1. Kindly put D:H326, D:H331, C:H293 in sequence by how many other C-beta atoms sit within 10 Å of each C-beta, fewest to most.
2. Measuring nothing but label to label, 7 Å from Cα along Cα→Cβ, what are D:T296's distances to the other copies in nm, shortest first?
3. Can you tell which of B:G184, B:G235, B:G45 shows the greatest fluctuation in a Gaussian network model of chain B with Cα springs below 10 Å?
4. Using only the C-alpha atoms of chain B, find the volume of their convex hull and express it per residue in Å³.
5. Which whole-percent values make up P(r) of the range C:198-271 when all C-alpha to C-alpha distances are grouped in 10 Å steps starting at zero?
6. Roughly how far apart, in whole Å, are the Cα centres of the range C:78-137 and the range B:258-335?
7. Between chains B and C there is a rotation axis; tell me the chain B residue with the nearest beta carbon and how many whole Å away it sits.
8. Using only Cα atoms, locate the centre of the range A:2-19 and the centre of the range B:222-254, then give the distance between them in Å, rounded to an integer.
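Throughout, read-outs are computed from the coordinates displayed, never taken from laboratory work. Worth saying up front: this structure is predicted, and the values here are computed from it rather than measured. Glycine also receives a Cβ, built like all others from the backbone with ideal geometry; neighbour counts cover every protein chain displayed.
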Protein chains: 4
Amino acid sequence: MVDGCPPRLALTEADIQPDLDRRRPGQSSIVTPRKEADVVQILSGTFEGKTLGTPLSMWVRNEDARSEAYSEMAHKFRPSHADYTYQAKYGFRNWQGGGRSSARETIGRVAAGAVAKKILRERHGVEILGFVGQVQDIQATVDLDMFTADQVESNIVRCPCPTTAARMIERIETVRARGDSVGGIVMCVARGVPPGWGEPVFDRLEADLAKAMLSLPASKGFDVGSGFDGIMLTGSQHNDAMRMREGRVRTVSNRSGGIQGGISNGETVFFRVAFKPVATIMMEQDTVDTSGHDTTLKGRGRHDPCVLPRAVPMVEAMAALVLVDHALRHHAQCE
Amino acid sequence: MVDGCPPRLALTEADIQPDLDRRRPGQSSIVTPRKEADVVQILSGTFEGKTLGTPLSMWVRNEDARSEAYSEMAHKFRPSHADYTYQAKYGFRNWQGGGRSSARETIGRVAAGAVAKKILRERHGVEILGFVGQVQDIQATVDLDMFTADQVESNIVRCPCPTTAARMIERIETVRARGDSVGGIVMCVARGVPPGWGEPVFDRLEADLAKAMLSLPASKGFDVGSGFDGIMLTGSQHNDAMRMREGRVRTVSNRSGGIQGGISNGETVFFRVAFKPVATIMMEQDTVDTSGHDTTLKGRGRHDPCVLPRAVPMVEAMAALVLVDHALRHHAQCE
Amino acid sequence: MVDGCPPRLALTEADIQPDLDRRRPGQSSIVTPRKEADVVQILSGTFEGKTLGTPLSMWVRNEDARSEAYSEMAHKFRPSHADYTYQAKYGFRNWQGGGRSSARETIGRVAAGAVAKKILRERHGVEILGFVGQVQDIQATVDLDMFTADQVESNIVRCPCPTTAARMIERIETVRARGDSVGGIVMCVARGVPPGWGEPVFDRLEADLAKAMLSLPASKGFDVGSGFDGIMLTGSQHNDAMRMREGRVRTVSNRSGGIQGGISNGETVFFRVAFKPVATIMMEQDTVDTSGHDTTLKGRGRHDPCVLPRAVPMVEAMAALVLVDHALRHHAQCE
Amino acid sequence: MVDGCPPRLALTEADIQPDLDRRRPGQSSIVTPRKEADVVQILSGTFEGKTLGTPLSMWVRNEDARSEAYSEMAHKFRPSHADYTYQAKYGFRNWQGGGRSSARETIGRVAAGAVAKKILRERHGVEILGFVGQVQDIQATVDLDMFTADQVESNIVRCPCPTTAARMIERIETVRARGDSVGGIVMCVARGVPPGWGEPVFDRLEADLAKAMLSLPASKGFDVGSGFDGIMLTGSQHNDAMRMREGRVRTVSNRSGGIQGGISNGETVFFRVAFKPVATIMMEQDTVDTSGHDTTLKGRGRHDPCVLPRAVPMVEAMAALVLVDHALRHHAQCE
């Protein structure tokens, strides 16, 4: 369900399906082989191909759920999953596939994000692009102002640098062969954000981006602009000097990541999201059972050795939702 | 203004003032020499020394504001400050001291956080402790389960390791002498958080912590548990094995940072916050003026060469507010 | 979608269907003859017959929608409907059956309300009962502390007084025969509400009830306790004297309607909701078309001559949702 | 504190004080003789006489509080006040003057409402006008499209019909002489509301108005348009026929009260609010004490025999706040 979408926006399933396809299991040899078509259907909120301004409801059926693969989880907690914490919180849980804690919920985020991306693109000229910037120690060098969506989509790991992509893919295949998993970093840019989006104090633009990213399954960190690396610099090295360029106020560098005082300054917004190695591995691990005894558990089922390629559309989606929200807030109060 | 505080909590100014003193300007030789007593007065919400359950209003007066120090800012934008973005957003700004974008607003956060910390300590047995973990490249090694508040407060930089603290102080004094500034990392732990705090999907505990931290002035990054460093590990290295210990479900390691699937698991919650070098420096910088011309600006006034020592109580305050909020939500729905 | 339901509540479709049946078209000779089975299916949020604490999603399909009955509405605005206001607001509307403005949306409210009623009954001992108190000038005299659900359900107009019910039914049938419609009043009581539910200032219990009731289609007024009639009394006549009764603080009268200062006082909460005569009538009316010309329109389709019998479960549902919300808020902060 | 005010609105204390003067105690012979100047001071949120877009904080000091007048209330509950319910909710209360439950809190609403009224007037051409429509059985006949603010302010009871006003004043003086109190009805119109304000389903314009009005102290009922009286009509009598008038879609009658389907239709919005007789009376009443014994209490202090004249600016303020909120929401999504 998506509320708050403006009316009269041309919108059909064809606007949403491509991002679902980028998120979908089984899309390549380095993601889970689970087979889900993930076909979206718009149930309400549009009429004759345009949004009504009332809530959009979209519908994607599960097709390849195999609860039996999870039967051991009925009485054992998977390490570094949410099994134990859901049990502790609610005193009860759906152990089939993780229930509400399953990353399958991100399908809704990606569908909503596709709508948000369309609004940003058509009404505000804003483009959001994510890519895999790092897998373990394999790091890409990418010009944030120049890389394109086609470059990102040109390989299955979604890294716009083809040689780095090849090394990343090789690494992921190697760890998968061992039944293990790896993590890394998704980077994301928003180009064309006008000055003025974001709010003082609590709802700073980077604060809402941080919340959105840390709400994604398996994410462990977020930074914006110079981020954690910026702490090595002094203020005189770090500050973004300002100059007039073609009649606009610009910064010469962009260590601020396009946001100053919580509000966009017209430069490219960019940030990083760290994702841990996937918790489900095909190896035996120490754990406990629901009766309070030590035991072991070996992963089964069909899981991702690396969440990053499928996380790219998730990061883009959450970024788009945050930016649209701030666009509306800014428009409501200041324009 | 603080709403939602439970009734019948013993509360006077003496519970709040100590944290304001830790945040206050002029407290040591490595922070701004501005003189503010920052004395708090509770105006409403308590009666006979106890909370009423109705909103608390607290009051701290400015005493040493010198608007004349800011007169140049009326027509020039300070680089890497919010001057330009506020002007762009609102078409109008209070240029005296940064107005709403001034970090002076954090005094309200610290006051509210002191109340939250008391609730957590007295009603839930939760203790929140922050410290300066890194200044530029100077990094402290600290046992997160063992360090104490006294150790943190034993030196002016708020690093529990005295030898590292001495090096940090020396570095800050050196850069200040040059009119420059430095950044670094504040670390924070929450000990005693029971299993079950946090919500699925959007309001994960780490998501709300991330938002809270990125809402602090000068913060550029957040990570939890293994964070950005965790991406170097494989899943088999990273997963926290589970074992029964004294009748409780425990994890053997704590790379999760006390949170799994967005919900606390009973281990110590810990996270890091990156702060950029302070933007105000006593050096000439390129900038533009409000008429759209290139110009230069040299910092004036009385500013911090390093925000970290004063950021420690801010980080603790925001963490406390997030945790209390989740404690209430959990209690409301699940207990 | 219903969020915030506590975990471990026994819940199946059988808990929800009865209220949907009370709301359903075609249930009697004095409501619309449209045929909708309105069978509910719980899609998620429960497991093995109990709530998980995660969102409930429920699903009811339309079966007897006939868009062709509405084709004239594509270019004419129905008087006293939302056709024109939706067109004005969104610049675009789904003219088939009113789209989002159709009272069909109340099916979701009644389903959610059935869950809320179960929580109130099982966890708090609170019972919510509505009935039709007035149809045009035909007014029932009902003892608010004594009437029962069986009495309400014993006739098709849902008035616990059988003789008044007979007159109401006759009136509704008479106006229907003329192609016209009537309005009236639904009354509702909540028995067993403990003292302490409701919040100071903005979120008073009666304020949230008022909003909930005025959000129902065709509602035009709300009052609580003595309500509009109370203005005829003086303070000395109106005040509810207090006495101890069986160890509890009670009021001798209950003109307050169980709420004082926005917070429940332990007496029966009661209120009235005025519903206008249904706007769709089988008579020719003056209106305008979407091209801005005067025209006429005659109602077609299968509509209710009186919304009241079907509004009873809607009023109960909204009251239950408000009360559960306040129960949780009170529990979170004060217990 | 008022958040969300647009930037660059000219605003000084002179815009706010007049409404505070209309609400102020001691303004005439028929309200409480308590002496409060109620002088407002804007502490932040404006700069050089214009709003900054950041929160406004306004400050009004109490001057004539006499806690000793309330000492008996430390251990006795005033009938039909909030003393008992606050005690029951929080287990603790400030018995001096009712604490948070005192109607003194409405000063903040009126101050905020004055800002909202200015925004509505200057940016949207909307005018909000309330008046006393009924005191007990004394009812005014007023042309809702014609009466003026000057007529309302021409007498101390704030009824635009001078002869009815005289009778109302006489009635209030009579009941006050007996130590008793009376209630009545405040009516309110909003002229110039454009079509399109309000939201489907839960946040209908009339729903938010209803909540706002029922949140006012002593209010017991709300209706809009034909309201409770409309139930006597049939649909054919009640429906508002539509016609083109000067190129605009208009309704011939306005029983809808300017709102259809929760959204404004461009006609005058009007509604009524019922206020009970003031609970504080100078007569002995049965009550209980905090130790659980029956006792009696006689009102003391300086109270209003009728809340209506001072309630007029409160009703206007709450209406203005609701309308501004919907104006912003509509602007954000649809414009």
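1. C:H293, D:H331, D:H326
2. Relative to the other copies, D:T296 has label-point distances of 7.0, 8.4, 8.7 nm.
3. Largest GNM mean-square fluctuation: B:G235.
4. Numbers: hull volume 53.7 nm³, N = 335.
Expressed per residue, the convex hull around the Cα atoms of chain B is 160 Å³.
5. P(r) over the range C:198-271, rounded to whole percents: 19, 44, 30, 6, 0.
6. 44
7. Here the nearest residue and distance are B:A332, 2.
8. That distance is 40 Å.
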